[in-house]
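Undergrad: Okay, here's the structure, questions in a sec.
The values are calculated or read from the model by the stated rules, or taken from the named source; none is laboratory data. Not measured: the values here are computed from a predicted model. Every residue, glycine as well, gets a Cβ built from its backbone with ideal geometry; the counts of neighbours run over all protein chains shown.
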Amino acid sequence: MCFENILAVVMLSTVLLTNTYAAGEPVNEDLSLLFMLSDELVDMGKQHDSVGFIEFVNMALKLASENRNNSLILPRASAKFRTAKYAVKEGHFNEGIVAVEEAKSILLRKRTLKWDGGS
């Protein structure tokens with residue numbers, strides 16, 4: 001009976017260790033497609049190509065909305081992409097370029113937790 005208790009303790013401790021390891025994994029987001037799209041958006045904005053700009057910004061918004069539940073940063077970037085879309089629809093290409101560059105700077109920020117769990 002003592003052997004069964006020891007075995008139960010060992011089994012439960014390994015389950016707890018695997019759960020804490022899984023919960024402590026860092027979040028890795030692949031934002032390379034959004035970086036490429038934002039570079040293309042800046043180029044199209046400089047060429048005053050509104051049709052291509054709106055098409056590419058729609059792709060960026062669709063890509064950001066697919067991953068919205070898993071990311072903390074994509075909703076902020078998608079808001080900037082929406083701002084750029086509406087600015088270019090009104091013919092303000094410089095404001096659209098600025099909004100896309102702000103979205104890109106949001107995507108480039110180092111993502112760290114401000115709360116470390118305390119004691």
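Undergrad: Tally the residues that are β-branched (Val, Ile, Thr) and either modelled with pLDDT of 90 or more or closer than 18 Å to residue 46 by Cα (or both), restricting the search to segment 66-91.
TA: Residues that pass the stated criteria total 2.
Undergrad: Follow-up question, since we're still on this one. When you check residue 94 against the structure, is it within 24 Å of residue 109 (Cβ to Cβ), exposed (fewer than 15 other Cβ atoms within 10 Å of the Cβ), modelled with pLDDT of 90 or more and among the polar types (S, T, N, Q), yes or no?
TA: Yes; evaluated as a whole, the condition is true for this residue.
Undergrad: Can you tell me which residue in segment 34-89 is nearest to residue 102 (Cα to Cα), limited to those that are of a type in the set (Asp, Glu) and assigned to a helix (DSSP H, G or I)?
TA: If we take residues in segment 34-89 being of a type in the set (Asp, Glu) and assigned to a helix (DSSP H, G or I), then 39 is nearest to residue 102 (Cα to Cα).
Undergrad: Where the second residue is part of a loop (DSSP other than H, G, I, E, B) and surrounded by fewer than 18 Cβ atoms within 10 Å (Cβ to Cβ) and the first is on the phi < 0 side of the Ramachandran plot and lies in segment 82-100, which pairs have Cβ atoms under 8 Å and are six or more apart or on separate chains?
TA: 93/48
Undergrad: Which residues, counting only those in segment 6-59, are of a type in the set (D, E, K, R) and modelled with pLDDT under 75?
TA: Once the filter is applied, which keeps residues that are of a type in the set (D, E, K, R) and modelled with pLDDT under 75, segment 6-59 yields 25, 29, 30.
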